[in-house]
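The values are calculated or read from the model by the stated rules, or taken from the named source; none is laboratory data. Here the structure is a predicted model, which is why all the values come from computation and not from measurement. Positions of Cβ are generated from backbone atoms using ideal geometry, with glycine treated the same way; all protein chains shown enter the neighbour counts. For the accessible areas, the whole protein counts, side chains as well, though only heavy atoms, and no ligand, DNA or RNA atoms are used. Shrake-Rupley method; radii C 1.70, N 1.55, O 1.52, S 1.80 Å.
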Amino acid sequence: MEKDVSEPDPSCLQNGTGGVLYGEFMDSQNDSVRYSVSLSESALTIQSIFSSAGRTKVVFNLSDCVGCRANRAPDSEDVGAYFTAYFYPFKRRWMSAGEARQRLEQCFRVALVQDPIANLQEAERWARAIRDASALQAPRRPGVVYTEVRRPCRVMILVNPNSGRGQALQLFSGHVQGMLTEASVPYELVITEKKNHARELVMKADLTQWDALVIMSGDGLLFEVINGLMDREDWQQAIQTPLGILPGGSGNALAASVHHYSQAPPAWNEELLLSCGFMLCKGLVGPLDLVSIHLSSRQRLFSFLSIAWGFVADVDMESEKYRHVGAIRFLMGTLVRLATLRVYQGRLAYLPFDETSKNQKGNSTSPPPSLCSSLPCRLIPKSPNQNSLLRCSSTNTNRNTMSKTSVETQNDSNTKVLLLDSLLPSLYQPVPESWAVVKEEDFVLVLAMTQSHLAEDLWTAPAAVSDDGVIHLFYVTGGISRPALLRLFLAMEKGAHLDCGCPYLMYEKVRAFRLEPLTPQGVIAVDGEPVAYGPLQAQVHPGIARLVCG
């Protein structure tokens with residue numbers, strides 16, 4: 001927090017001359033203590049007057065500031081006014097190693113004249129100047145093109161009171177509500193009452209009334225919101241609504257990923273919540289990849305996080321019975337599933353990601369996603385003598401398959417414009433020759449990720465960012481021992497599992513993939529939510545959604 005800066009010259013910087021605002025104010029608790037305060041483009045510098053130089057100068061970086069508020073004195077006899085700036089800098093933890101964001105506030109009393117109105121106007125001038133300067137100093141990652149949530153913004157916050165250990169509302173009131181007040185962010189709190197309540201709500205909501213939708217829950221509630229937005233007639237505009245995440249569930253994978261992308265030190269529990277709340281208050285918005293998924297049930301879904309089959313999906317679903325213990329439910333579920341390790345039969349194919357092609361990456365040079373006036377994919381039933389869905393087609397078949405749209409056109413006036421999955425053939429057509437087909441058919445797990453973390457403490461895809469245009473595909477083949485699988489998950493806590501040299505763990509960067517389970521019973525989970533069991537295929541759409549991030 002502290003750094004050396006040259007002292008401003010009060011004679012030339014009074015009233016903001018020269019790009020630096022300067023003033024002298026009293027301590028909010030003790031009128032005998034006075035400070036010289038200067039505001040530059042990047043910092044608020046405070047120096048105690050009449051004290052030895054170098055001992056009491058403190059520099060607050062405006063990149064750590066979420067807001068500043070002015071108010072009159074609570075005592076009607078007091079002619080003074082006050083302004084308070086709120087900072088969340090990284091400081092060393094009190095009880096453990098490392099750094100985390102911690103709240104600091106700095107309050108000043110303005111009593112320049114005996115007119116309370118004039119003093120309040122001066123306090124408001126300073127508060128406004130600090131807010132404006134701090135808005136320009138939000139932490140930004142190199143190479144990321146950001147937009148910003150409009151100020152003053154209007155935020156809808158959806159809270160699932162039953163997520164995690166049922167403490168989401170308490171966490172909101174105890175940690176987030178005050179931050180939003182400090183940042184002058186008005187919001188409406190919506191408590192979800194049932195499964196798919198959030199999905200139904202955003203499908204019908206007038207989104208012009210909101211500058212951001214924020215989810216205070218686990219990842220399942222955001223899954224509902226995204227699919228609700230994509231189900232709207234105006235999905236192209238709706239999906240551009242900035243989405244924020246505040247961890248209130250068990251896994252909190254997206255929250256952990258967003259925190260990781262900000263290049264901040266690792267954080268968990270309330271520290272992670274504070275970090276995500278800070279990013280929400282700063283209001284930077286970046287692109288977010290979505291994955292379009294076609295299921296054998298003819299349902300089309302959109303994922304922002306993961307698609308899992310086998311061990312990971314089993315643990316996710318079976319550990320629901322331990323939800324009351326919080327995030328440790330996944331550890332308990334892992335140990336139980338390891339005791340009776342299953343092997344699944346299936347077929348897997350994928351379209352590799354071309355590292356040399358810039359147009360495949362989620363950056364400003366990427367072409368816009370394809371659109372088609374149509375309804376979702378018509379699935380062609382598999383004939384009795386048809387071989388695996390994953391066999392490669394001939395050159396002519398490939399050309400014919402890919403020349404078709406992946407959707408069925410309707411000619412009536414109610415036709416909805418949908419996102420076209422141009423990389424996917426029909427689900428029951430062979431995959432194109434450009435796809436790779438995995439030879440193994442015995443799997444312990446298949447996991448497709450678009451974010452870095454699968455849970456707060458599972459750094460599953462170390463190379464992932466929210467807008468890289470990549471599906472990070474992992475699979476573990478049959479034959480792995482229980483101790484080896486456990487070692488992989490323990491190494492995953494630090495993102496070191498790919499360095500273990502395990503011959504059963506495979507990792508590929510892909511643009512699309514197809515999974516065909518052959519084992520008659522099992523679980524497939526999308527963003528931690530169970531979906532219809534059976535063949536599926538998916539492709540990534542780079543940067544079509546927007547995420548409040550750092």
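Inspection of segment 475-497 identifies at least one residue that is touching a Pro at 6+ places or on another chain (Cβ under 7 Å), surrounded by fewer than 20 Cβ atoms within 10 Å (Cβ to Cβ) and on the phi > 0 side of the Ramachandran plot.
Which residue, of V526, V531, is of a type in the set (V, I, T) and surrounded by fewer than 22 Cβ atoms within 10 Å (Cβ to Cβ)? The unique qualifying residue is V531. With the requirement that a residue be charged (D, E, K, R) and either touching a residue at least 40 places away in the same chain (Cβ under 8 Å) or surrounded by 13 or more Cβ atoms within 10 Å (Cβ to Cβ) (or both), what does segment 158-194 give you? Correct list: R165, E182.
Each residue in segment 390-445 was checked for being open to solvent by 30 Å² or more (accessible area, probe 1.4 Å), modelled with pLDDT under 50 and part of a loop (DSSP other than H, G, I, E, B), and 8 of them qualify.
Considering segment 1-39, the residues that are among the acidic types (D, E) and under 27 Å from F90 (Cα atoms) include one that is modelled with the highest pLDDT, namely D27. Tell me, yes or no, whether segment 225-246 has at least one residue that is polar (S, T, N, Q) and modelled with pLDDT under 95. Among the residues of segment 225-246, not one is polar (S, T, N, Q) and modelled with pLDDT under 95, which makes the answer no. Out of A135, A129, one residue alone is surrounded by fewer than 19 Cβ atoms within 10 Å (Cβ to Cβ), small (G, A, S) and at pLDDT below 95. It is A135. Within segment 85-120, the set of residues being touching a Leu at 6+ places or on another chain (Cβ under 9 Å) and either assigned to a loop (DSSP other than H, G, I, E, B) or of a type in the set (D, E) (or both) comprises Y88, P89, Q102, R103. Mind listing whichever residues of segment 226-262 are of a type in the set (S, T, N, Q), in contact with a Leu (Cβ under 6 Å, 6 or more places away or on another chain) and closer than 18 Å to Q167 by Cα? Result: no residue meets the conditions. The set of residues from segment 236-246 being in contact with a strand residue (DSSP E or B) (Cβ under 8 Å, 6 or more places away or on another chain) and either outside any helix (DSSP H, G or I) or open to solvent by less than 10 Å² (accessible area, probe 1.4 Å) (or both) comprises I239, Q240, T241, P242, L243, G244, I245, L246. Filtering segment 104-126 to residues that are more than 27 Å from G244 (Cβ to Cβ), of a type in the set (A, V, I, L, M, F, W, C) and surrounded by fewer than 17 Cβ atoms within 10 Å (Cβ to Cβ) leaves C107, L112, V113, I117, A118.
Selection within segment 199-217: residues that are touching a residue at least 60 places away in the same chain (Cβ under 8 Å) and open to solvent by less than 10 Å² (accessible area, probe 1.4 Å). The member of this set that is nearest to the chain's Cα centre (by Cα) is V214. Assess whether G550 counts as being modelled with pLDDT under 95 and either open to solvent by 10 Å² or more (accessible area, probe 1.4 Å) or closer than 26 Å to P287 by Cβ (or both). Considered against the rule, which asks whether it is modelled with pLDDT under 95 and either open to solvent by 10 Å² or more (accessible area, probe 1.4 Å) or closer than 26 Å to P287 by Cβ (or both), G550 comes out as yes.
The set of residues from segment 216-232 being more than 16 Å from A525 (Cβ to Cβ) and assigned to a helix (DSSP H, G or I) comprises V225, G228, L229, M230. Of the listed requirements (1) more than 20 Å from F304 (Cβ to Cβ); (2) buried (at least 16 other Cβ atoms within 10 Å of the Cβ), G469 misses just one: (1). Quickly run through segment 31-83 and pick out the residues that are closer than 30 Å to A264 by Cα, in a loop (DSSP other than H, G, I, E, B) and either out of contact with any Gly (no Cβ under 9 Å at 6 or more places or on another chain) or open to solvent by less than 70 Å² (accessible area, probe 1.4 Å) (or both). S40, S42, G54, R55, T56, K57, listed by residue number.
Quick grid of which residues meet (1) within 19 Å of I471 (Cβ to Cβ); (2) modelled with pLDDT under 70:
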{"position": "L288", "(1), (2)": "yes, no"}
{"position": "H324", "(1), (2)": "no, yes"}
{"position": "R347", "(1), (2)": "yes, no"}
{"position": "N359", "(1), (2)": "yes, yes"}
{"position": "S374", "(1), (2)": "no, yes"}
{"position": "L379", "(1), (2)": "no, yes"}
{"position": "N385", "(1), (2)": "no, yes"}
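Looking for something assigned to a loop (DSSP other than H, G, I, E, B) and under 22 Å from G249 (Cα atoms) - is there at least one such residue anywhere in segment 471-492? For segment 471-492, residues assigned to a loop (DSSP other than H, G, I, E, B) and under 22 Å from G249 (Cα atoms): absent.
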